[in-house]
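These notes concern the structure reproduced below.
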């Protein structure tokens, strides 16, 4: 029977190694999970600019080309 694979990654808060089979994955502890939640709640994590769909980018480029040609 094949062995179940577990990935080791670092906790996003303290960078300690964490196995994917750990109960707090991807965090190493409840403390790090709570710190992360606090950052989300306080606005510490933000998206720097609006995300545009590739189709929207194509339409915007086409509109700019048309306006430039007129």
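Restricting the search to the range 42-57, which residues are in a helix (DSSP H, G or I) and modelled with pLDDT of 80 or more?
Pass one, the range 42-57, residues in a helix (DSSP H, G or I): 42, 54-57.
Result: 42, single match.
Is at least one residue of the range 18-29 part of a helix (DSSP H, G or I), free of Cβ contacts under 8 Å to residues at least 60 places away in the same chain and within 18 Å of the chain's Cα centre (by Cα)?
Step one: filter the range 18-29 for residues part of a helix (DSSP H, G or I), giving none.
No; the residues of the range 18-29 include none that is part of a helix (DSSP H, G or I), free of Cβ contacts under 8 Å to residues at least 60 places away in the same chain and within 18 Å of the chain's Cα centre (by Cα).
The values are calculated or read from the model by the stated rules, or taken from the named source; none is laboratory data. Because the structure is predicted, anything quoted here is derived from the model rather than measured. For neighbour counting, all protein chains shown are included, and Cβ atoms are generated from backbone atoms with ideal geometry for every residue, glycine included.
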